[in-house]
Amino acid sequence: MKFLVLLLVCSAAAIGQSPVQLPDGPGKDLVEAVCTACHTLERVAAKHATKAEWQDKVLEMLQEDPDITQQERDRIVEYLATTFHPLPKININKATAKDLETVLDLAQKDAEAIVAYRADRGNFKNLDDLKRVPGVDPAKLDARRERLEF
């Protein structure tokens with residue numbers, strides 16, 4: 001298994017990509033060893049979920065792997081839930097431009113355009129309203145939809 005992880009890291013480095021480094025914590029080594037058998041670390045690190053959602057995902061992924069004990073599964077879930085918890089939501093109708101920029105990782109000009117549009121036309125009712133802001137890429141907003149409150 002360690003050979004597979006090393007091979008993945010070397011392959012990513014060879015094509016000019018820097019591999020994702022998971023944050024340290026109890027269970028990190030187990031997540032790297034078990035989860036990278038099927039997934040890249042980028043894929044693991046991109047998901048954010050509650051502990052219950054991580055439990056369901058680990059159960060789904062490892063249900064037919066008798067080599068992983070329940071204790072190891074629990075350690076994997078604890079690491080993932082602690083490290084990759086749900087990202088904070090933001091109320092698009094109350095947030096300042098700086099908050100939108102920081103929490104949603106938007107460009108300053110995009111965040112300011114959203115606030116100016118809201119000030120001029122009133123609160124947004126849904127994502128479709130938000131996508132009407134001139135100059136803001138609708139794909140960026142779609143990618144952050146789970147973090148938006150109206």
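Derivation of every value follows stated rules applied to the coordinates shown; laboratory data play no part. Computed from a predicted structure; not experimentally measured. Using ideal geometry, Cβ is built from the backbone for each residue, glycine included, and neighbour counts are taken over all protein chains shown.
Values for this structure:
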| read-out | value |
| --- | --- |
| Dipole magnitude of the range 90-149 about its Cα centre (Cβ charges: Lys, Arg +1; Asp, Glu -1), debye to nearest 20 | 140 debye |
| Acute angle (nearest 10 degrees) that the helix 2-14 long axis makes with the longest principal axis of the chain, alpha-carbon atoms | 40 degrees |
| Three-way shape label, the range 90-149, alpha-carbon gyration tensor, a/c 1.5 | rounded |
| Largest-first principal axis extents of the Cα set of the chain (Å) | 59, 37, 24 |
| Estimated dipole of the chain in Debye, rounded to 20 [Cβ of Lys and Arg +1, of Asp and Glu -1, Cα centre] | 620 debye |
| Within-12-Å neighbourhood charge of residue 107 [Cβ basis; K, R +1; D, E -1] | -3 |
| Tilt relative to the chain, helix 108-121 - C-alpha long axis, 0 to 90 degrees, to 10 | 40 degrees |
| Over 24 Å (Cα to Cα) - which of 47/140; 51/98; 47/125; 51/131; 47/109; 57/94 fall in this group | 51/98; 47/125; 51/131; 47/109; 57/94 |
| Dipole of the chain, positive direction: furthest Cα of 22, 68, 35, with charges on the beta-carbon | 22 |
| Computed over the chain: relative contact order in percent, which uses C-alpha pairs under 8 Å that are six or more apart | 20 percent |
| Label-point separation in nm, residue 51 to residue 37, each point 7 Å along Cα→Cβ | 2.5 nm |
| Segment residue 63-residue 89, length gained on full extension (0.36 nm per residue, minus Cα span) | 6.2 nm |
| Positive-end residue, the range 8-150 charge dipole about Cα centroid, Cβ charges, pick of 49, 139, 84 | 139 |
